[in-house]
Each structure stands twice: as C-alpha cells, then as structure tokens.
Amino acid sequence: MKNNILTFVSVAAIFMLIISQVVWVKQLMERDKQRFKMELEETLQNIVTFSLSKELSKKGSANKQDFELIPLDASKLPPGAIIKGSFDTKEYSSDKNLGNFLVGVFAEDLLLENQISLEPIDSLFQREFPHYAEIAAYTMSIQKNDSLLSKLFIDEKDSMILDASNKSVNVSIPLGETGTFRYTAQVVFKPTIYIQRLRSVSALSAIAVILISILLLNQLVQLKRKSVEIDIHKTVVRGIVHDLKSPLAYVFTMLDSFEDNETYEPNKKKYNIAKIRVKHLSKKIEVLLSTLRNEKNKLHIQPETFNVTQNCLDILKELKVVYRAKNISHVMQTDNDVLIRVDPIYFEACLRNLLDNAIKYAKNDVLLNISINFKNNQMTLSIADNGKGILANEQKKIFNEFYRSHKDSSLNSHGIGLFFSQRIVQAHSGKILLESVFGKGSTFTIVLPQ
C-alpha cells in the first residue's frame, strides 16, 4: 500500500512539474506576443503619421497659400466667445502634440478625397518593421466609419491564411480628429516565431524536467528496493524469533525436571533462577513477535514502577558471566535507587542491549561508568565505556535498522539492537543520545520525562 502511494505521489509530482513548465513557457510566449503587438503598433503609428505628413507636404507644395495670423482683440468678442480655463502646459496630457494635431486636422481633407494610399505605408512597413521576415500574412485597410475605403493584401494565398487564422494581431489607428476615419492592420506571425525566440528557455526547461523526472524515478526505484529489503529482513527476523519459542520451551521443561530431581539445595536454587530467566525470555519473545506482527509497527507500552539502579546491577551480574573471559569493572554514580514508570520488559531490553554493547565492543579490560540522575521530573541515564569508539561518519547511521559498522563485521551483530533501543526510548517520549571519540570510547545517554 505504501509503495503504491509513493508511486502515485511521484508520478503526480512529475506530471505537475511538466504541467507547470508548459504553463510557464506559454506565459512567456504570451508576454512575447504582447511585446510583438506593442512594437507592431508603435511602428505602424509612426509610419502612418509620417505618411500623412508626407502627403500633406506634397499637397501644400502644389497648392501654396499665403495666410497671416491676426490676433483678435478679446474686448471686441461677445462674452460667450471668450475661452476661459487654464493654459498651463503642465496640465496637458503626454500625448498632446501640436504637430500630430495639425496633421490630423489637415489629413481629414485628404481622407475625404480618398487620397491616402496604402502602398507607401506598406513599403515603409516592410523596410522599418524589424520582424517583418517573421510575418506569415497581413492586410491593411482604411475605413470610414464601417465602410471600407481601401484594402491591401499581400496576395490571395495570404488572404486565405488571414481568413483561417484566429491568432492574428489586430492594430487600429484613428485618423483625423473627428473619429470618422481609421487605419487597420491584421497581422499573422509564423507559428514557430515565439518558440524560436524562446528556444533556449524551452530547451533548458525541457532538460530540467527530464533531469528532475529521472532523479525522482531513480529515488522511487531505490525506495522500492529498500522497502523490499526491509520486508525480507522483517520476515527473516519474525521467523528466527518464532523459532526460538520451541527450544526455550524445551529448556524450561528440562530445567523444571532437573529442579524436581535435585536434592542439593544450592543447585535446586540455581535451576529455579534459570527457569525464571527462561520464562522471562519467552515473554520477551512473545512481545517482540506481537510487535513484528503489528502492521503499524508501534510498541504497546504498559508502564509499571521500574528500579533502574537495581536492574542495571542485575544485568551487569549476568553479563559478567556471559563475558567471563573479560575483566569487567564498573562505577555506579547514583545516591539511591531510582524508580521510574516504564514498560519493564521493553526498558529492561533497552538497558541490556546498551550494557551488552558496551562490554562486547570494549577491550579485555572493561571499565563502565554508569550515571543515573533524577531531577525536575526527568531521568537521565548515561553509560560510558572505554571501548573502540565510533567513527564520526557512522554516528548518525548507528541507530538505523540493520546497520552494521564495517570495523565490527567480525562480531556477532545484526544491526537491530540500537534501532530497537531507540524505538523503545521514543515510545516512552524520551530520547537517546550518543557521544563518541574513535579510539577512546562512547557514551550513550537516555533522557526520559516522568
């Protein structure tokens, strides 16, 4: 189920990435199209104004008229004829241009006489517009209100392109000052123009999408492979733990038989202690199997009063028998018995694992420094050893499931103990810390709120 969700999320992320890149490129193309339109409008506006001025200059040269500007005496004008208002040029809008105004006024006569030709405008357009080579087709016209005075097509084929296109750029420029006449242009650019102009951006975007998709897919494959490996490990561990139940039951039965047949009291007491330990171990196996069968993989904590100090001493006593070939000594730094509320089975397993590791990875002369403090509703337990220590680059991995240090490959280790110990501490809302200097030893510290 988790793998399917992970696959779906990864595919959805790649799909969203592709969509976002396509939308981004489209937005760039739209902005580029708007820049084209503004540049086209500006070019045509200048060309039309220039052409009108040229036509007016020709007409003025052919029909020269002398006239004189005679100022009127304002006192002789009737009151209604006097213009009142501000003549401050700062109040004029930016598009107020006297030359353009005069051209517009005098161009009205030329337009009424239909003396404005589109060919000169087209000739200037072909020469002055910087992107003319990227145009597929265009048409120009002069209109009077809704009626057409003149129109220019490039050729018949281009007119068909214009009629079939709904992506043309339309420009409309008013002529004269009455709003009667209007110059219009319809331009269709070549389909690839925007892609060509954005070729590098589009290429980089496509490469980025491909690389990110490859990385995501690679991560997905790695995660799925890791998930399969973990499932295999869990299956193996479940099988091993389950197979331990039968031998322990047999050992318990044999110890019970030996105890019944033993007449020497000290030996009888030893058999009884061994039975208690085997029964305790069987209970731990049942708890571990229950945890492994739990799909959510959560530990079910049942807190009870737990004597940390006494349990540490009991575990050390047993480990000294297990590692009797080593010279083991310890220093216990605590004033009295420290009682806390934890799950006794799980927490005892955590302590046993930490103490067992401290002895297992130490030299033949083992010195353990155990410090237990309880203050401010918080228990702090530190176990320091004089062992080999842990390399700095391995300290972050040491709590990973199934992780084994390369330098300890010869030892009987499966990479489960510290991972399980950390989970136990976290299940009690605590944390486990590590300080280590390679070659000098390590200190594991458990901090538990109470």
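The values are calculated or read from the model by the stated rules, or taken from the named source; none is laboratory data. Small disclaimer: the values here were computed from a predicted structure and weren't measured. Using ideal geometry, Cβ is built from the backbone for each residue, glycine included, and neighbour counts are taken over all protein chains shown.
Tabulated data for the structure shown
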quantity	calculated
Verdict on G389 being of a type in the set (G, A, S), farther than 30 Å from L289 by Cβ and modelled with pLDDT under 90	yes
Selection within the range 324-343 - out of contact with any strand residue (DSSP E or B) (no Cβ under 8 Å at 6 or more places or on another chain) and at pLDDT 85 or above	R324, A325
Test: K84 is farther than 22 Å from L40 by Cα and modelled with pLDDT of 85 or more	no
Count - residues of the range 114-133 that are in contact (Cβ under 8 Å) with a residue 60 or more places away in the chain and buried (at least 16 other Cβ atoms within 10 Å of the Cβ)	5
Residues satisfying the stated conditions in the range 168-184, i.e. free of Cβ contacts under 8 Å to residues at least 12 places away in the same chain and assigned to a strand (DSSP E or B)	P174
F258 vs. criteria in contact with a Lys or Arg (Cβ under 7 Å, 6 or more places away or on another chain), of a type outside the set (D, E) and either outside the structural domain of L289 (by TED's automatic domain parsing) or surrounded by 14 or more Cβ atoms within 10 Å (Cβ to Cβ) (or both)	no
Residue within the range 133-155 that is in the same structural domain as R182 (by TED's automatic domain parsing) and modelled with pLDDT under 70 present	yes
